[in-house]
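S.K.: Structure incoming, see below.
The values are calculated or read from the model by the stated rules, or taken from the named source; none is laboratory data. From a predicted model like this one, the values you see are computed outputs, not experimental measurements. Every residue, glycine as well, gets a Cβ built from its backbone with ideal geometry; the counts of neighbours run over all protein chains shown. SASA here: full protein model, heavy atoms, side chains in, ligands and nucleic acids out. Shrake-Rupley method; radii C 1.70, N 1.55, O 1.52, S 1.80 Å.
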Amino acid sequence: MADLLSEAIESVIMQSYNNWELIIIDNNSTDHTTEVIKKYEDIRIKTIKINNNNIIAKSRNAGLHIAQGDWITFLDSDDVWYPYRLETIVECIKSDNKYDIISTNEMLINRSSGYRKKLIYGKKRLDNLYFSLLIYGNLLSPSATAVKAKFIKKNLIFFRENHEFITAEDYDFWLLLAKNQANLISLDTVLGEYRVHKNNTSIKNDLHRINVQNVIFDHLKNLDLHTKQKKNLKNKINSRLTLTDAKIDFENGNILSGLGNLITSLITSPLFFFKNVIYKVLN
């Protein structure tokens with residue numbers, strides 16, 4: 001991971017826009033992370049050592065609490081930015097500063113197989129960002145998102161340090177921003193890479209699916225909706241989640257389980273099922 005961190009740091013240093021600060025959160029590392037960081041003698045780089053007890057939200061919050069910039073953008077240690085990412089975001093802010101969230105796209109890179117795929121973020125399916133996130137899932141990525149610091153501080157929004165949200169803490173963070181009426185703009189340009197490797201797949205994917213559901217149903221229980229409205233919303237969400245499970249089953253060769261989940265998704269919310277499937281086919 002230390003080698004990947006070096007590439008992440010260099011992708012910041014090589015930005016065409018240079019008025020940035022980089023806050024590195026070192027989670028009690030036992031590899032040669034410290035030696036990697038020491039190579040970069042740059043007053044714009046700060047390092048904080050913490051022990052987050054496997055709660056990523058603690059690391060993200062540690063950075064948020066000391067960040068000095070007007071805008072905050074995240075970069076996971078195994079991802080990289082392309083050289084014009086910050087400049088593109090700054091130009092967007094200069095042209096119209098009414099936005100609270102700026103999203104860009106990423107290229108998924110599997111370091112083992114070489115597989116590449118363009119990841120498109122921020123495409124709202126509904127006018128209401130909050131319900132779009134709830135019903136259709138996470139539309140954003142930490143390494144491809146910038147957030148206005150003033151909006152975070154004004155609304156006291158931080159990553160919730162909940163064990164049941166581990167690996168889905170960013171999804172919860174976007175939901176909290178959206179619930180407070182954050183204004184989102186999506187820039188249709190690929191400005192970084194999300195890199196897949198053996199340390200961020202397999203077992204973590206299972207945990208992630210469970211904790212995404214924990215985030216969703218935590219938000220649902222606090223929604224002020226009539227019983228019928230809440231039931232309809234739950235059915236749509238459950239239909240989408242089960243359809244996702246079916247897709248994973250088919251990809252893994254579990255045909256019978258996939259068919260079962262497909263039928264369950266259809267029964268749970270028939271109209272939503274067909275609209276969702278048609279949208280995915282067309283896109």
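S.K.: If you add up the charges near Asn180, with Lys and Arg at +1 and Asp and Glu at -1, over every other residue whose beta carbon is less than 11 angstrom from its beta carbon, what do you get?
M.R.: Charge balance in the 11 Å sphere: +1.
S.K.: Shape verdict for the range 55-171, please, from the Cα gyration tensor: rounded (a/c under 1.5), prolate (a/b greater than b/c) or oblate.
M.R.: It is rounded, given that a/c, with a ≥ b ≥ c, falls under 1.5.
S.K.: Here is a follow-up. Using +1 on the beta carbon of Lys and Arg, -1 on that of Asp and Glu, and nothing else charged, what's the dipole of the chain about the Cα centre, debye to 20?
M.R.: Roughly 1180 debye, rounded to the nearest 20.
S.K.: I'd like the accessible area for Ile37, computed on protein heavy atoms only with a 1.4 Å probe and all protein chains in place. Round to 10 Å², please.
M.R.: 20
S.K.: How much accessible surface does Lys150 have with a 1.4 Å probe, in Å² rounded to 10?
M.R.: 150
S.K.: Roughly how much of Arg111 is accessible, in Å² to the nearest 10, using a 1.4 Å probe?
M.R.: Ignoring ligands and nucleic acids, Arg111 comes out at about 120 Å².
S.K.: With a/c under 1.5 counting as rounded, go ahead and sort the range 93-137 into rounded, prolate or oblate using the C-alpha gyration tensor (a ≥ b ≥ c being the square roots of the eigenvalues; past the cut-off, prolate if a/b is larger than b/c, else oblate).
M.R.: Oblate shape, in that a/c is at least 1.5 and b/c is the bigger or equal ratio.
S.K.: Now for a different question. What shape does the range 138-192 take by its C-alpha gyration tensor, where a ≥ b ≥ c are the square roots of the eigenvalues and a/c under 1.5 counts as rounded, a/b above b/c as prolate, and the rest as oblate?
M.R.: oblate
S.K.: Return the tail of the calculated pair distribution for the range 226-275, meaning the percent of Cα-Cα pairs more than 18 Å apart.
M.R.: 32
S.K.: Among the aspartates and glutamates, which have Cα under 18 Å from the Cα of Lys280 when same-chain residues fewer than 8 positions away are ignored?
M.R.: Within the straight-line limit of under 18 Å, Lys280 reaches these aspartates and glutamates: Asp245, Asp249, Glu251.
S.K.: Suppose accessible area is computed on protein heavy atoms with a 1.4 Å probe; arrange Ile210, Ile48 from highest to lowest.
M.R.: Ile210, Ile48
S.K.: Sorted by average packing, counted as other Cβ atoms within 10 angstrom per residue and highest first, what order do 185-194, 250-259 take?
M.R.: 185-194, 250-259
S.K.: Using only Cα atoms, what is the ratio of the radius of gyration of the chain to 2.2 N^0.38 Å?
M.R.: The chain yields a ratio of 1.04.
S.K.: Mind checking which aspartates and glutamates have their Cα closer than 15 Å to the Cα of Lys150? Skip sequence neighbours fewer than 8 apart in that chain.
M.R.: Candidates past the 8-residue exclusion: Asp70, Asp100.
S.K.: Once both labels are modelled 7 Å past Cα along the beta-carbon direction, what's the Leu223-Asn52 spacing in nm?
M.R.: So the label points at Leu223 and Asn52 sit 2.9 nm apart.
S.K.: Of all the accessible heavy-atom surface of the chain, with the other protein chains kept in place and a 1.4 Å probe, what percent is carbon and sulfur?
M.R.: 53
S.K.: Please state the relative contact order of the range 161-252 as a whole percent: Cα pairs under 8 Å, 6+ residues apart?
M.R.: Normalised by residue count, the contact order of the range 161-252 is 41 percent.
S.K.: Can you tell me, using C-alpha contacts under 8 Å and at least 6 residues apart, the relative contact order of the range 218-283 as a whole percent?
M.R.: Dividing the mean separation by the residue count of the range 218-283 yields 31 percent.
S.K.: Also: Mean separation of Cα pairs under 8 Å and 6+ residues apart, divided by the residue count of the range 23-158: what relative contact order is that in percent?
M.R.: Value for the range 23-158: 26 percent.
S.K.: Moving to a separate point now. Choose one answer from Ser16, Ser77, Ser95: the residue with the largest mean-square fluctuation in a GNM of the chain with alpha-carbon springs under 10 Å.
M.R.: Ser95
S.K.: Write down the accessible area per residue of the chain in Å², having rolled a 1.4 Å probe over the full set of protein chains.
M.R.: 55
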